[in-house]
Each structure stands twice: as structure tokens, then as C-alpha cells.
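Report on the structure given below.
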């Protein structure tokens, strides 16, 4: 079901903006290779790449309980070409466990029901995630 929601979100984005993406998309996974988030996106990534007509680069950035990868996305250029796929502990638990978070999960991110965060100024992705949360299939 969540896989279908992810594909739906991606197709909705394509319908909304035919020019996106204009270059390869970097997908940051804040966990080591062969963990469940990595395996899922290595299976789904080629499907999304084919839909978009642009490569999706999987970038494993481990460390600090996922905060290093999440911070890389939170501070990336606001052009929608750097995304994060993670588990919910990075944006739900870590703010309560880490005294000085490198990013503000409330100000910089939206949490998606299928485990990704996207910067608020990535308006198209934010709309897709809000729609997916309001109308789950």
C-alpha cells in the first residue's frame, strides 16, 4: 500500500510539473547500505528514475542517528533535487533525544506517512505529501 502511495505521489508530481526534474535527483538515506530504507529505495529508485527520465542517485550518509543525512537535505538547495528517505525516528524521536539538533524538524520539514521529509519550500513535494496524508489510498 505504501509503495503504491509513493508511486502515486511521484506520478502526481509529474502531472503537476513536466519540467521536474531537470537533472539527476540525489536521494539521501541516513543509514548504511543493506538496511531496510536502503533496500527499499534501491528497488523503487530505478522505477522512479524511469518515470522521471532522470537518474536517482542513492547517497547513504550515516551517522548521528540519521541526523547527518537529514541535515544534508535540510541545508540543500531548495530546488527539489535533494530528497531524504528515512525512518520516523530521525524526525520524531531524535529532537527529544539530541540536545542540539542540527536542523529544526518543525521549520524545515514536513513528515510524510511513508517516511520522507521534504523542505517546506519544495512546494510541489509538500503538496504531494499533504494530499497523500489527507487521502490515503
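For region 80-91, indicate whether the set of residues that are more than 17 Å from residue 37 (Cα to Cα) and touching a helix residue (DSSP H, G or I) at 6+ places or on another chain (Cβ under 8 Å) is non-empty. Yes, region 80-91 has at least one match.
Considering region 47-58, the residues that are within 15 Å of residue 83 (Cα to Cα) and over 14 Å from the mean Cα position of the chain (by Cα) include one that is modelled with the highest pLDDT, namely 55. Of the helices (runs of 4 or more DSSP H) lying entirely inside region 72-137, those containing at least 1 residues that are modelled with pLDDT of 80 or more are 89-92, 94-97. For region 9-46, which residues satisfy the criterion of being loosely packed, with under 14 Cβ neighbours inside 10 Å and either touching a strand residue (DSSP E or B) at 6+ places or on another chain (Cβ under 8 Å) or modelled with pLDDT of 85 or more (or both)? Within region 9-46, 22, 23, 24, 32, 33, 34, 36, 39, 43, 46 meet the criteria.
The values are calculated or read from the model by the stated rules, or taken from the named source; none is laboratory data. Fair warning: this is a prediction, and the values are worked out from it, not measured in the lab. When we count neighbours, we look across all protein chains shown, and the Cβ atoms used for this are built from the backbone with ideal geometry, even at glycine.
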